[in-house]
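A quick write-up on the structure given underneath.
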Amino acid sequence: MRKLLLMSVAMASLALWAAEAPFRIAKWQNNAKCAVSFTFDDGLLDQYTLAFPVMKELGLRGTFWVVGSKIDNPAGFRSKVERNTPTMTSEQLKEMAAAGQEISSHGFGHAKLGKMTNDEIKEEVEKNKKFLMEKIGVKADTFAYPYNTKKNKAGESIVEFVESLGMVGSRTSQISLGNGRGEKAKARIEKAKSNGDWLVFMTHGVARGYDSFKEPEELFVLFRWASSQKDDIWFAPFRECAIYEKLRENTTLEINEEQGFFVITPHVANLDAALFVGELTLLDKEGNVVAAFNPFAGSFKIPKND
Ligand SMILES: [Zn+2]
């Protein structure tokens with residue numbers, strides 16, 4: 001009983017502190033209402049020729065998860081499902097990376113990880129990481145599971161294991177975009193605006209190939225609508241959202257006062273500063289954006305207004 005009483009006193013003072021804290025971390029960058037990542041699988045050529053030009057024009061950045069063994073490979077994807085879909089070249093991928101698109105890893109051979117041991121999975125993941133660094137010059141620190149298989153041969157989840165291989169995150173849930181789902185996507189985004197979610201959309205083929213759109217225009221209509229929502233929604237590559245989310249979840253703010261200033265000292269638990277490179281958005285009590293800060297960079301001051 002006494003313990004319970006103490007606990008409720010502690011919780012009440014915590015709530016009071018939370019209500020009165022002069023600053024807090026925004027849920028998403030720049031205090032956007034929600035976050036949205038457009039992701040593309042398999043490195044298919046249409047993603048470069050059709051999706052990328054429209055994204056560039058609208059200032060939308062997304063994530064392209066590619067398969068090393070299919071890059072600069074005229075054979076492309078040859079299975080029945082993939083319907084002989086050609087893939088991108090390293091020059092095209094470099095151009096997209098330079099334009100701010102995330103180019104990252106979908107495994108070197110699009111292998112069925114569910115038939116592999118952890119050692120084999122490690123090799124498959126690390127081979128693609130090395131290849132993408134050498135060929136494209138990107139870190140490839142996010143991962144999309146081929147066939148969305150997230151278990152190994154022994155039936156154990158591999159998410160934690162794969163993420164421990166130098167990843168800031170991996171795609172563990174997604175919303176498919178192809179094949180007439182454009183209107184539904186708009187409704188999902190509207191809903192996310194009210195609950196603060198991070199939505200990860202998944203696209204394969206654009207005009208042809210697996211799960212492609214009936215008309216590529218369906219994707220472009222969604223892109224154009226999305227770009228009109230930029231004030232409310234943070235559209236960003238998967239890695240930027242993953243970094244923001246992990247930094248936010250692991251950072252606490254120590255706030256002290258000094259003549260005329262608040263001194264804010266962020267404390268980050270359990271994250272590798274070399275891997276999680278990014279900034280968090282600081283809000284004041286009223287929810288106004290006051291600053292962007294790197295939580296690993298130590299204390300900083302905010303002048304008091306009164
Ligand atoms: Zn795939």
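Laboratory data are not the source of any read-out in this text; all were calculated from the coordinates shown. Please read all numbers here as calculations on a predicted model, not as lab measurements. Cβ atoms come from the backbone with ideal geometry, glycine included; neighbour counts cover every protein chain shown.
Give the range 165-218 a look and list any residue that's closer than 23 Å to Lys129 by Cα and within 16 Å of the ligand (Cβ to nearest atom), or say none.
Ser170, Arg171, Thr172, Ser173, Gln174, Val200, Phe201, Met202, Thr203, His204
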If you check Ala97 against the conditions, is it under 17 Å from the mean Cα position of the chain (by Cα), of a type outside the set (S, T, N, Q) and either within 15 Å of the ligand (Cβ to nearest atom) or part of a helix (DSSP H, G or I) (or both)? yes
With Lys129, Lys112, Lys94, Lys122 as the choices, which residue is in contact (Cβ under 8 Å) with a residue 24 or more places away in the chain, of a type in the set (Lys, Arg) and surrounded by 21 or more Cβ atoms within 10 Å (Cβ to Cβ)? Lys129
Would you point out the residue of the range 42-67, among those that are part of a loop (DSSP other than H, G, I, E, B) and within 16 Å of the ligand (Cβ to nearest atom), that is surrounded by the most Cβ atoms within 10 Å (Cβ to Cβ)? Gly43
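Check whether at least one residue in the range 233-256 is within 16 Å of the ligand (Cβ to nearest atom), crowded, with 18+ Cβ neighbours inside 10 Å and among the hydroxyl-bearing types (Ser, Thr, Tyr), and report yes or no.
No, the conditions are met nowhere in the range 233-256.
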Contacts under 6 angstrom Cβ, first residue in the range 205-217 being farther than 8 Å from Asp46 by Cβ and in contact (Cβ under 8 Å) with a residue 12 or more places away in the chain, partner of a type outside the set (Gly, Ala, Ser) and not in a loop (DSSP other than H, G, I, E, B), 6 or more apart: Phe213/Leu219
Show the residue pairs meeting these rules: Cβ distance below 7 Å; 6+ apart or different chains; first residue within the range 225-254 and hydroxyl-bearing (Ser, Thr, Tyr); second residue in a loop (DSSP other than H, G, I, E, B). Ser227/Gly59; Ser227/Leu60; Tyr244/Trp28; Tyr244/Gly278; Thr251/Pro295
Considering Leu247, Leu165, Leu219, which residue is touching a helix residue (DSSP H, G or I) at 6+ places or on another chain (Cβ under 6 Å) and of a type in the set (A, V, I, L, M, F, W, C)? Leu165
